[in-house]
Structures are given as C-alpha cells and as structure tokens.
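Student: Structure incoming, see below.
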Amino acid sequence: IVCGAGTDQLPPGPAPLDRIVAAYEEQLGVIEAAGGTPVLMASRQLAASAGGPDDYAEVYGRLLGQVAGRAVLHWLGPMFDPALAGYWGSADPDAAARSVLAIIVEHAAKVDGIKMSLLDAGREIALRRRLPAGVRLYTGDDFNYPELIRGDDHGHSDALLGVFDPIAPAAAAALGALEAGDLAAYERIFAPTVPLARHLFASPTYYYKTGVVFLAWLAGHQTHFRMVGGLESARSVPHLVRLFELVDQAGLLPDPELAVARMRTWLTVQGVST
C-alpha cells in the first residue's frame, strides 16, 4: 500500500524550507505508523519557495534520510497542476530530470521509484534508462501507458496512473495478458482505452477528475454527479457526451441500461433533447 505525503496542510504560497519539511514529516509519520509506503508528493509550497535545484536537494535529502523504509518520488507536470511549473528547480524538463536524478542517485537506497506524469513518453523512457539499479519508474502517463508498461529491451515502466480508475476492468485483463506473455491480447485489450484516456485527460488536463467522476456515476459506482466547488461543470456538455461514446466503445460500462438512463436524465437537465 502506498500513500501520498504532501504539504497541503500549509497555506498557499511560499514557506520556509524548514516548515515545508515539517509538513512532510507530519504526514510521513501518519503513513509510516500505519505501515504504508510513502509517496513524497510534489509540493506547491516547495515549488513556490525553492530558489533552484539545491533547495529541492536539501528538502528531499532530509526527508529520504529519515524514512523508515523506501519512498516513491513524484514528478507531476504543470499540465496537471500549473502551480508545479519549474519543479526540481528548472522549467526545462531535461534540466529538471538531471536534478531529480542526482537526488535519486545520492539516496538510491531509500528510493523505491519515481512516478513521472509529464505525458511525454520519450522523456520518461530517457529517465527510466538512467535510474540506478533497483529504482523503478512508475508511469503516470495517461496518454502512452500501453507502450510504457509493455517496455522494451532496456526495461519497462510500472503502472501507477489515474486512468486505471475508469478503465480498471480492461487494465486488469491487459496486465493479466502481459503476465501470461500474450502481447497480442495485451495490445488488443488496451487499444480502445487509449482514445478514451486521451479525451479524458485532454487540455486543460487538470479537469480530468470531472470526467472520472462522471464515468463513475454512469457506471453506478456513486449515486450522483456532484463535485466539491461545482467542479462537475468544468467540462463542457459536448466533451462529456464524447466521453460517454468512448467509454461505450471501449466496453467499460458494467450496466449499459443504467448508463443510458442516467445519460438521458443528465442531458435533459442540460437542456439537450434526447
């Protein structure tokens, strides 16, 4: 079991590095006391406070120096959260990769892996090939996950990504096929999920959660389509209609009749004649 440790109990904006470390430590204590493996989540406060790569090295060095076991690092690109632009001390992704790689190399014994969510398969593969032995690359690439998980002669990425929520049945079947060495089945099962994923995480990517909740409601996993702060309105009616079409084409509606009934009801509320 992995669980994110972050600094979200702090107010928005810059904070002293010591306070940022203390916020991480507070959440780390809860996770480790429960026996979980911590994911050191990317911190908005650190992004707002760090003056360059050295500040990231200091904060992560202090945290990794005290974790009981091993931790997972987290690189979330600005397409998911604009407040994290320039993470690891540079707006240049290649320079940022060098910075985080230096942290990983220095603390390799305490780093289980790094989750990378940049939606850039080439950069993910490049970093993956440079990781120390025993450190894993967890893909958060919701656009290119089939090829990254399948891997190549030099390695593969492990799966730790949001799109596996709405495509869980297909993901389970595809990974089962991969485990059995049936690459043709793996590709066949995942193929119809990719257009769905790319639409779900289309720009502005940070509104993907609206689609995830919408699909959960259509699937019968929850009784309503309401979100904190009215976020259910973050995506347009045409966007969600297309999402409905794509999830149906992927065969991922466990109860199609329920999904159709709910879709018709929702469209009626939106003023769309069905």
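The values are calculated or read from the model by the stated rules, or taken from the named source; none is laboratory data. Predicted, not measured: the structure shown is a model, and the values here were computed from it. In this analysis, Cβ positions are derived from the backbone assuming ideal geometry, glycine residues included, and neighbour counts consider all displayed protein chains. Side chains are part of the model used for accessible areas, which takes the heavy atoms of the whole protein and leaves out ligands, DNA and RNA. Shrake-Rupley method; radii C 1.70, N 1.55, O 1.52, S 1.80 Å.
Student: Give, rounded to the nearest 20 debye, the magnitude of the charge dipole that the chain has about its Cα centre when Lys and Arg contribute +1 at Cβ and Asp and Glu contribute -1 at Cβ.
Tutor: Working: 21 positive and 30 negative charges, 76 e Å.
Result for the chain is approximately 360 debye, rounded to the nearest 20.
Student: Give me the percent relative contact order of region 1-45, please, defined on Cα pairs under 8 angstrom at least 6 residues apart. Spell out each step's value before the answer.
Tutor: Numbers: 56 pairs, mean separation 27.5, N = 45.
This gives 61 percent for region 1-45.
Student: Pop out the carbon and sulfur fraction of the accessible area of region 189-248 as a percent, whole number, probe 1.4 Å. Present the calculation step by step, with values, prior to reporting the outcome.
Tutor: Working: 1570 of 2760 Å².
Accessible surface attributable to carbon and sulfur in region 189-248 totals 57 percent.
Student: Mind checking the angle between helix 93-106 and the chain's longest principal axis? C-alpha axes, 0 to 90 degrees, to the nearest 10.
Tutor: 60
Student: What ³J(HN,Hα) values, in whole Hz, does the Karplus curve 6.51 cos²θ - 1.76 cosθ + 1.60 give for region 225-239 when θ = phi - 60°, with x put for Gly and Pro?
Tutor: Each residue of region 225-239 in turn: 10, 10, 9, 4, x, x, 5, 5, 9, 6, 10, 6, 4, x, 4 Hz.
Student: Roughly what % antiparallel, to the nearest 5, for the DSSP beta bridges in the chain?
Tutor: Restricted to the chain, the bridges split so that about 5 percent are antiparallel.
Student: Can you compute 3J(HN,Hα) from phi for each residue in region 10-27, using the Karplus curve 6.51 cos²θ - 1.76 cosθ + 1.60 with θ = phi - 60°, rounded to whole Hz and x for Gly and Pro?
Tutor: Going residue by residue, I get 7, x, x, x, x, 8, x, 4, 4, 6, 5, 4, 5, 5, 4, 4, 4, 6 Hz, with x marking Gly and Pro.
Student: What ranking, highest mean first, results for peptides 226-237, 56-67, 41-52 when packing means the other Cβ atoms within 10 Å averaged over each residue?
Tutor: Working: 226-237: 12.5, 56-67: 17.9, 41-52: 19.5.
The most tightly packed comes first, giving 41-52, 56-67, 226-237.
Student: Step through the residues of region 211-220 one at a time and calculate ³J(HN,Hα) from phi using the Karplus curve (6.51 cos²θ - 1.76 cosθ + 1.60, θ = phi - 60°), rounding each to whole Hz and writing x for Gly and Pro.
Tutor: My calculation for region 211-220 gives x, 4, 5, 4, 5, 5, 5, 4, 7, x Hz in order.
Student: Right, another one. Could you work out the helix-only [θ] at 222 nm for the chain, with each DSSP H run of four or more residues adding -39,500 (n - 2.57) and the total divided by the number of residues, to the nearest 500 deg cm²/dmol?
Tutor: On the way: 12 runs with 129 residues, N = 274.
Result for the chain, helices only: -14000 deg cm²/dmol.
Student: Tell me, Kirkwood radius of region 1-92 from alpha-carbon pair distances, in Å? Numbers along the way, then the final one.
Tutor: Details: mean 1/r = 0.0758 Å⁻¹.
By the Kirkwood definition, the hydrodynamic radius is 13.2 Å.
Student: Along the positive direction of the dipole of the chain (beta-carbon charges: Lys, Arg +1; Asp, Glu -1; about the Cα centre), which of Gly229, Ala97, Cys3 reaches farthest?
Tutor: Projecting each Cα onto the dipole axis, the largest value belongs to Gly229.
Student: Could I ask something else about it? Would you work out which of Val39, Phe143, Phe80 lies farthest towards the positive end of the dipole of region 1-158, given +1 charges on the beta-carbon of Lys and Arg and -1 on that of Asp and Glu, about the Cα centre?
Tutor: Most positive-ward Cα: Val39.
Student: Could you let me know the centre-to-centre spacing of region 1-55 and region 213-247, using Cα atoms, in angstrom?
Tutor: Cα centroid of region 1-55 versus Cα centroid of region 213-247: 31 Å apart.
Student: Students often check this: by mean Cβ neighbours within 10 Å, which of 190-203, 126-139 ranks highest, and how do the rest follow?
Tutor: Values: 190-203: 19.4, 126-139: 17.4.
Ranking the peptides 190-203, 126-139 by packing returns 190-203, 126-139.
Student: How much net charge surrounds Leu252 when only the other residues with a Cβ under 14 Å from the Cβ of Leu252 are counted, with Lys and Arg +1 and Asp and Glu -1? All intermediate terms of the calculation are to be shown ahead of the outcome.
Tutor: Details: positive: none; negative: Asp165, Glu245, Asp248, Asp255.
Overall, the nearby charge balance is -4.
Student: Quickly rank 140-150, 213-223 as a protection proxy: mean count of other C-beta atoms within 10 Å, highest first.
Tutor: Working: 140-150: 20.5, 213-223: 17.5.
Descending mean neighbour count gives 140-150, 213-223.
Student: Give me the 1.4 Å probe accessible area per residue for the chain, excluding ligands and nucleic acids, in Å².
Tutor: Details: 12790 Å² over 274 residues.
Here the residues of the chain average 47 Å² of exposed surface.
Student: I'm a student and want to see the number: the projected area of the Cα convex hull of region 57-162, averaged over all directions, in nm². Each step should come with its number before you reach the end.
Tutor: Numbers: hull surface 25.7 nm².
Approximately 6.4 nm², given one-decimal rounding.
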